[in-house]
Amino acid sequence: MSATRRDLAVLRSLGLTSRQSTGVSVAQAGTFAVVALAVGLPLGLAIGFIAWTRVAQELAVIPRFPISGVMLLAVAVGILGLAVVLGLVVGRA
């Protein structure tokens, strides 16, 4: 976190306005969140599916994996929203 603040301080000394600084922070946090979602969501679903299938076989139950698109969308929107809020906080610091 201190490296980001230091980088923003250097950019501000070069003429970056407060609004631009906030924009840089939000863009950085948003990009990080999108990449994390693009990698983590499919990987987590795959690992969870494999693990639950094995557990269900051991328990002799039908391995159902009820994941709804609405739930995945809610998780993605929540993570992106949190990234934007954190980018706003860092940009104003």
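The values are calculated or read from the model by the stated rules, or taken from the named source; none is laboratory data. Only a predicted model underlies this, so the values are computations on that prediction, with no experimental measurement involved. A quick note on method: Cβ atoms are made from the backbone with ideal geometry, for glycine too, and the neighbour counts reach across all protein chains shown. These accessible areas exclude ligands, DNA and RNA; they are computed on the full protein's heavy atoms, side chains included. Shrake-Rupley method; radii C 1.70, N 1.55, O 1.52, S 1.80 Å.
The table below lists the values:
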{"read-out": "Sum of -39500 (n - 2.57) over DSSP H runs of 4+, divided by residues of the chain (222 nm, nearest 500)", "value": "-30000 deg cm²/dmol"}
{"read-out": "Ranked by how many other beta carbons lie within 10 Å on average, peptides 9-18, 64-73 from highest", "value": "9-18, 64-73"}
{"read-out": "Carbon/sulfur fraction of accessible area - the chain, other protein chains in place, 1.4 Å, %", "value": "73 percent"}
{"read-out": "Taking the chain and dividing mean pair separation by its residue count, relative contact order in percent (alpha carbons under 8 Å, at least six apart)", "value": "54 percent"}
{"read-out": "For the chain: Kirkwood Rh in Å [reciprocal of mean 1/r, alpha carbons]", "value": "15.8 Å"}
{"read-out": "Pairwise label distance in nanometres, V89 with R64, each label 7 Å out on the Cα-Cβ vector", "value": "3.9 nm"}
